[in-house]
Amino acid sequence: MTSRTRTSPRHLFLAPAARALPRWLEAFPGAIVAAPERLPRALPDDTLVWLHLDPAVPASDQIAALRAKANNVAVIALANRPQDEEGLALFSAGCRGYCNAHATAGNLRRIAGVVRAGGLWIGAELMRRLLVATQAALSRSATPTADGDDRDSLLALLTHRERQVAECITQGCSNKEVARQLAITERTVKAHVGSVLEKCQARDRLHLVLLLNGHRSAPPDLTGDTAVKAVAVPGRARPQPRT
């Protein structure tokens, strides 16, 4: 194991043969790099574990092995060639992020910020599929939600344009699709999305959908396994029943 600090790491990279990519240490100079089988014991809860997936081993097996040793920390999976279906399986297994192992140092720091704030780092297409699936699950759920007062109070915080953007988000639209629908630039959409999330105190788009449907937090059957099962079936948005 190689280390650049003697204190408990806030960032731990697990990689085959403990080989770090230069960008990882550029992003987090104090990070520790180790082989997965040399996982340090008793990791602090605020440690972010970045797992560089070994393409020779099923990703789900790698996450299961990691979770068996450290179930208290947030895990971000790094893939040489990210794929939506693999990402779905990993989020279902409890990962908080999934991205390209060769992401820039700036992107790695942004990912860390999102995850530390309680959000998920998901690719645009995968996020769209999760949004659509979650919205479908909410509309079919027998779980009672709060009345319309909560939704109305949130929408009252937004400008007319921000409400339009929020509605597009609940439909699973990407920034590009929102820009096209509202005839504005993607940069403007991005600014509106940031403002909407801040005003509604939403961690990410998925959390915003839940809030606008009356849920203060994620109900157990509407995200996670149910949403992942819903989008994992090609061409379908309906959640699959639990077994």
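The values are calculated or read from the model by the stated rules, or taken from the named source; none is laboratory data. Every value quoted in this text rests on a predicted model; they were computed, and no experiment measured them. Cβ coordinates were reconstructed from backbone atoms using ideal geometry, including for glycine residues, and neighbour counts include every protein chain displayed. The accessibility values were calculated without ligands, DNA or RNA, using every heavy atom of the protein model including side chains. Shrake-Rupley method; radii C 1.70, N 1.55, O 1.52, S 1.80 Å.
Using amide H atoms built in the peptide plane, which far-off residues or other-chain residues are under 5 Å from Leu51 H to H?
Answer set, sorted by chain and number: Leu14, Ile76, Ala77, Leu78.
If I compute solvent accessible area with a 1.4 Å probe over the protein chains, what percent of it on segment 97-138 is carbon and sulfur?
For segment 97-138, the apolar C and S fraction of the accessible surface comes to 58 percent.
In segment 17-102, which chymotrypsin sites (Phe, Trp or Tyr not before Pro) fall in coil by DSSP and have 13 or fewer other Cβ atoms within 10 Å?
Qualifying residues, ordered by number: none.
Using 0.36 nm times the number of residues separating Asn80 and Thr104, minus their current alpha carbon distance, what extension gain do you get?
That pair, Asn80 and Thr104, stretches by 7.3 nm at full extension.
For Lys190, which aspartates and glutamates qualify as cross-link partners when the Cα separation must be under 17 Å and same-chain residues fewer than eight apart are set aside?
Within the straight-line cut-off, Lys190 pairs with Glu125, Glu162, Glu167, Glu177, Glu198, Asp204.
Could you list which residues have their amide H under 5 Å from that of His11, counting only those 5 or more apart in sequence or on another chain, with H placed in the peptide plane?
Under 5 Å from the amide H of His11: Ile32, Leu48.
Could you calculate, for segment 1-127, the ratio of the Cα radius of gyration to the Kirkwood radius, expressed as Rg to Rh?
0.91
Which whole-Hz ³J(HN,Hα) couplings does segment 28-42 yield from phi under the Karplus relation 6.51 cos²θ - 1.76 cosθ + 1.60, θ = phi - 60°, glycine and proline marked x?
For segment 28-42, the Karplus-derived couplings read 9, x, x, 5, 9, 10, 8, 6, x, 6, 10, 4, x, 7, 6 Hz, x marking Gly and Pro.
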